[in-house]
Amino acid sequence: MKLVVTVMLKAGVLDPQGKAIGQALTGLGFEGVGEVRVGKRIELELAETDPVAAEAAGAEMARKLLANMVIESFKVEVA
Amino acid sequence: MRAAIVVFPGINRERDMAIALERATGHKPRLVWHKETALDGIDLVVLPGGFSHGDYLRCGAMAAQAPIMAAIRTHAERGGHVMGVCNGFQILTEAGLLPGALLRNASLRFLSQDCHLRVERADTAFACHYQSGQVFRAPMAHGDGNYFADDDTLDRLEGEGLVAFRYATPEGTIDRAANLNGSARNIAGIYASNLRVLGLMPHPEDLVDPLMGGTDGKPLFDGLTQALAAA
């Protein structure tokens, strides 16, 4: 079973990378670009076949390693 | 004082640290590979700077899971002294031994230059050879040194006197211009609640000899050696 874990900086945590990308897009002439936030997408192949158990395992992995809960939030989806 | 330096793959400042410690203590620190699991007979554990595991995922995230970390945790829980410099600081926050996190520098630039640190308190083993309020120079070399913690944590750190060093001007002013990486409240280094675990981004170990361009970092190592001599 394939899982996709999306990790984003929490709201309120400064994302200078997102800011730079936003400025670059505006510089390229794209109009109306608001806040840009950059995150990570982690794709995982799991032996687990039960989607509920797989999702729970993914959340546990995110809490322990994939995300830093001080600065990031995560979302786990079965792909 | 018996000191150990933990070596993670991708670390590159362990020899600088060994020189600084040997200068102060008169003997070579033990180099401990990250896969080891014991730290017996050690008074001070140092996590040096570098790029452990290539900074994959987040700086220090992989190293925080290393086998040696259980022994470091036990050492800290027993009241042992621990110091993390640069990547070592990042590893200590990732391991939960210090609060907060180190974000990408606000400027997005890798900063390789000197900075000035103001000593916030001098009654700790790490700072006892400085004066409270004293400013000293230290080299910095990092891309992710922007200290972050939520406001409650920052208030607690300040309230309990756990801020070790702040980025300052050479005259000791704490302002935005001195805060090169954008750290919350100019924080360059913090202590754990028992004042025996220190994490800081700049490198005092790289200014311990006139040949290095100065000795501003030497009091930290001399102070530690004296404070932990009886340990």
Original post:
Hey, what number do you get for chain B at 222 nm if only DSSP H runs of n ≥ 4 count, each worth -39500 (n - 2.57), divided across all residues, to the nearest 500?
Top reply: -6000 deg cm²/dmol
Original post:
Using a Gaussian network model of chain A with C-alpha springs under 10 Å, which one of A:Glu45, A:Glu31, A:Glu55 is most mobile by mean-square fluctuation?
Top reply: A:Glu31
Original post:
Setting aside same-chain residues fewer than 8 positions from B:Lys28, which lysines have a Cα under 28 Å from its Cα?
Top reply: B:Lys218
Original post:
Peptide B:104-112: average number of partner chain Cβ atoms within 10 Å per residue?
Top reply: 2
Original post:
Using the count of nearby Cβ atoms within 10 Å as a rough guide to exposure, how do B:Phe51, B:Phe165 rank from fewest to most?
Top reply: B:Phe51, B:Phe165
**OP:** Evaluate the charge dipole of chain B about its Cα centre and quote only its size in Debye, nearest 20, assuming +1 on the Cβ of each Lys and Arg and -1 on the Cβ of each Asp and Glu.
**Re:** 340 debye
Original post:
Semi-axes of the equivalent ellipsoid of the protein assembly as shown: what are they in whole Å, largest first, if each equals the square root of 5 times a C-alpha gyration tensor eigenvalue?
Top reply: 34, 25, 16
Subject >> On Cα atoms only, tilt of A:51-61 relative to the major axis of chain A in degrees >> reply: 60 degrees
Original post:
On a 0 to 90 degree scale, rounded to 10, what angle separates helix A:16-27 from the longest Cα axis of chain A?
Top reply: 50 degrees
**OP:** Take the Cα radius of gyration of region B:72-231 and divide it by 2.2 N^0.38 Å, with N its residue count; two decimals is plenty.
**Re:** 0.96
Subject >> Neighbour-limited loop hits for trypsin sites (Lys or Arg not before Pro), region B:11-68 (at most 11 other Cβ within 10 Å; DSSP other than H, G, I, E, B) >> reply: B:Lys35
Original post:
On average over all directions, what projected area in square nanometres does region A:2-78 have, based on the convex hull of its Cα atoms?
Top reply: 6.1 nm²
Original post:
Where the only charges are on Cβ atoms (+1 Lys, Arg; -1 Asp, Glu), what is the dipole of the protein assembly as shown about its Cα centre, to the nearest 20 debye?
Top reply: 380 debye
Subject >> Signed unit charges on C-beta, dipole axis of chain B, positive-most listed residue B:Phe126, B:Ile42, B:Val163 >> reply: B:Ile42
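Roughly how crowded by other chains is peptide B:45-58, in terms of the mean Cβ count from those chains within 10 Å of each of its Cβ atoms? Walk me through the numbers before you get to the answer.
On the way: counts 0, 0, 0, 0, 0, 0, 0, 0, 0, 0, 0, 0, 7, 8.
The shielding value for this peptide is 1.
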**OP:** Check cross-link reach from A:Lys40 to the lysines: straight Cα distance under 24 Å, and skip same-chain residues fewer than eight apart.
**Re:** A:Lys2, A:Lys10, A:Lys19, A:Lys64, A:Lys75
Subject >> Around A:Leu9: net Lys/Arg minus Asp/Glu count, Cβ-Cβ under 12 Å >> reply: +3
Original post:
How fast does region B:169-231 diffuse by Stokes-Einstein, in µm²/s, taking the Kirkwood radius from C-alpha pairs at 10 °C and 1.306 mPa s?
Top reply: 115 µm²/s
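Computed from the coordinates by the stated procedures, all read-outs in this text should not be read as laboratory data. Quick caveat, the model's predicted, so the values are computed rather than measured. All Cβ positions, glycine included, derive from the backbone under ideal geometry; neighbour counts span all protein chains shown.
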